[in-house]
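Coordinate-derived values only; no laboratory data. Note that this is a predicted model, so its numbers are computed, not measured. Positions of Cβ are generated from backbone atoms using ideal geometry, with glycine treated the same way; all protein chains shown enter the neighbour counts.
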Amino acid sequence: MISSEVYVVKDKRLVIIQIRSPLCNSKNDFLNEFLKWTSDVHIEQIVVLSSSFDYERNDEQICGTPLRYFMTKTSRNKMGPKLSKLKELERRTFPSVNSLENVKEPEQLNIPGGGFAKLLYQKCILKDAALVILLKFCSEGDNIPDAVMLADYVDEWLDIVPKEDNLPFTWSYPPSWKHLFGSPPSKEIY
């Protein structure tokens, strides 16, 4: 199994890349190469689907939708109200390192378990690249329902999958999910 899979939807001008691990030794090198590639092939908008540990949520995040988004200013100017169903990821204020000083640190994005999402966001700001990150608060274990929920939202937002007379749609899972938790037990043991 490779660390990434690439899917192309030509008529929608869409490239989907499932990245399970960086293709370079460091996240920094990988993201620099990724952003160079997106620039070289004229990618207009980068959309990242990610997660964040649900046990790290604050009180405000526990209520309501488990979906959040954040985006660069470049994307905000392009998107308008298209993400109105989601809630923007709340920034957190962390106490000062020196507790004797009554100084609050500036609010920061906090994405525990979000992989390289925050670093990519910071790099896209510096490069003035259009980036939207959609994330879902997730528990450990089988996250296929979480992935489907994110995919459904992206489809509703970007209208990727053609709809036929209100017939139900079922996603096809990537081959890498076939044995997500290992092979099934041998029938001989029963």
Fewest Cβ neighbours within 10 Å first, please rank Trp157, Trp177 accordingly. Trp177, Trp157
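Which of Cys24, Cys138 comes first, and how do the rest follow, when ranked by fewest Cβ neighbours within 10 Å? Don't jump to the answer; show the numbers that get you there.
Numbers: Cys24 12, Cys138 20.
Fewest-to-most Cβ neighbours within 10 Å comes out as Cys24, Cys138.
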Any chance you could check the Cα centroid distance between the range 126-188 and the range 20-34 for me, in angstrom? 22 Å
Which of Ile189, Phe53, Asn28 sits farthest toward the positive end of the charge dipole of the chain, with +1 on the Cβ of Lys and Arg and -1 on the Cβ of Asp and Glu? Asn28
Where in the range 31-58 does the amide nitrogen come within less than 16 Å of the point 7 Å from the Cα of Leu23, taken along Cα to Cβ? 31-43
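I'd like to compare 120-130, 164-174: which one has the highest average count of other Cβ atoms within 10 Å, and what's the full order after that?
Ranked by mean Cβ neighbours within 10 Å, highest first: 120-130, 164-174.
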Considering only DSSP beta bridges whose two residues both sit in the chain, what percent are antiparallel, to the nearest 5? 55 percent
Please compute the modelled spin-label separation between Arg57 and Ser176, points set 7 Å along Cα→Cβ, answer in nm with one decimal. 2.6 nm
What residue among Asp142, Asp54, Asp152 has the largest mean-square fluctuation in a Gaussian network model of the chain, using Cα springs under 10 Å? Asp142
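Taking 10 °C and 1.306 mPa s as the conditions, I'd like the Stokes-Einstein D for the range 4-189 in µm²/s, using the Kirkwood hydrodynamic radius from alpha carbon pairs. Walk me through the numbers before you get to the answer.
Working: Rh = 18.8 Å.
Reported coefficient: 84 µm²/s.
To make sure I understand, if each residue's beta carbon is the centre and we count other beta carbons within 10 Å, what order do Phe181, Phe70 fall in, fewest to most? Display every interim value, and only then the final one.
Working: Phe181 8, Phe70 23.
So the ranking, lowest neighbour count to highest, is Phe181, Phe70.
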